[in-house]
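Shown next, in structure tokens, is the structure this report addresses.
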Amino acid sequence: MRIELQNIEIEVEKGDISNQADLDAVVNAANAELAPGGGVAGAIHGAAGPKLYEECKPLAPIAPGEAVITRAYGLPNKFVIHTLGPVYGKDKPEEQLLSNCYRNSLKRAEENKLKSVGFPGISTGIFGYPKEDAVDVVFSTLLTEIPQLEHLKKLRFVVFSDEDRELYESKLREVALG
Ligand code: AR6
């Protein structure tokens with residue numbers, strides 16, 4: 001599904017974040033050490049290869065809500081933006097921290113004049129953030145950030161299941177209706 005909002009294409013697609021060849025950057029749901037892990041981080045580091053972690057090491061550790069950018073090595077993108085989501089129930093206030101993840105990731109993309117970026121559902125896997133609540137944070141953040149975007153023209157939310165796709169699509173429909 002795709003809508004256009006203030007000249008920005010917003011898409012929801014089911015797929016693997018490490019296989020988004022047409023995007024300038026993908027966002028990694030990282031750990032504080034920016035090390036290979038499970039889930040999204042495992043897929044991204046696995047596809048990028050060991051050079052990615054070598055570039056990450058001097059940038060770590062990062063705090064919840066922060067985002068840093070590296071090259072993408074074996075991934076089909078130019079850059080990876082690594083952000084650390086809040087662990088639900090531990091890092092507080094989680095809404096603010098999750099919002100910061102998206103805001104700071106968009107900031108890194110803009111600083112590097114990127115045109116397109118793909119996001120996974122930060123914190124909604126191992127970190128346990130309830131998906132419905134996370135999607136609300138994602139879209140409220142997006143609505144405040146979109147007017148500030150100069151270079152970005154396409155944002156893609158890459159989801160892993162039909163259930164997540166439906167959740168994002170219903171939110172996207174709400175946003176499209178204003
Ligand atoms: N492509 C797209 N989405 C995915 C993929 C993929 N390849 N794999 C999982 N998801 P998670 P977190 C979905 O756990 O909660 C790591 O070990 C998944 O269904 O990757 O921020 C790190 O090292 C879920 O909805 O990220 C950290 O320690 C969402 O992406 C920790 O996990 C995020 O799941 C980060 O946990």
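Summary of computed values
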| quantity | calculated |
| --- | --- |
| Cβ pairs under 7 Å, 6+ apart, first in the range 5-24 and away from the ligand (no atom under 16 Å from the Cβ) and of a type in the set (Lys, Arg), second at pLDDT 95 or above and open to solvent by 60 Å² or more (accessible area, probe 1.4 Å) | none |
| Considering residues of the range 38-48 that are surrounded by 13 or more Cβ atoms within 10 Å (Cβ to Cβ) and in contact (Cβ under 8 Å) with a residue 24 or more places away in the chain only, the residue farthest from the ligand (Cβ to nearest atom) | 48 |
| When residues of the range 120-147 are limited to those that are more than 14 Å from residue 161 (Cβ to Cβ) and among the polar types (S, T, N, Q), the one nearest to the ligand (Cβ to nearest atom) | 123 |
| Residues (closer than 18 Å to residue 45 by Cβ and crowded, with 22+ Cβ neighbours inside 10 Å) located in the range 76-107 | 77, 80, 81, 82, 83, 84, 85, 105 |
| Any hit, the range 147-163, residues being buried (at least 16 other Cβ atoms within 10 Å of the Cβ) and over 15 Å from the mean Cα position of the chain (by Cα) | yes |
| Qualifying positions in the range 135-173 - aliphatic (A, V, I, L, M) and in a helix (DSSP H, G or I) | 135, 137, 138, 142, 143, 146, 167, 172 |
| Per-region count, the range 54-72, residues of a type outside the set (D, E, K, R) and surrounded by 18 or more Cβ atoms within 10 Å (Cβ to Cβ) | 9 |
| Residue within the range 122-133 that is open to solvent by 40 Å² or more (accessible area, probe 1.4 Å), closer than 21 Å to residue 64 by Cβ, acidic (Asp, Glu) and more than 14 Å from the chain's Cα centre (by Cα) present | yes |
| Residue ranges of strands (runs of 3 or more DSSP E) in the range 8-117 with at least 1 members under 12 Å from the mean Cα position of the chain (by Cα) | 25-29, 67-71, 79-83 |
| Pair list, Cβ under 7 Å, 6 or more apart: the range 115-131 residue farther than 15 Å from residue 41 by Cα, other residue near the ligand (Cβ under 7 Å from one of its atoms) and not acidic (Asp, Glu) | 129/85; 129/123; 131/121; 131/124 |
| Matching residues, the range 7-36, being open to solvent by 40 Å² or more (accessible area, probe 1.4 Å) and of a type in the set (Gly, Ala, Ser) | 21 |
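The values are calculated or read from the model by the stated rules, or taken from the named source; none is laboratory data. This structure is a prediction, so every number in the text was calculated from the model and none was measured. Quick reminder, even Gly has a Cβ in these numbers, built from the backbone with ideal geometry, and neighbours come from all protein chains shown. Calculation scope for accessible area: heavy atoms of the full protein, side chains included, ligands and nucleic acids excluded. Shrake-Rupley method; radii C 1.70, N 1.55, O 1.52, S 1.80 Å.
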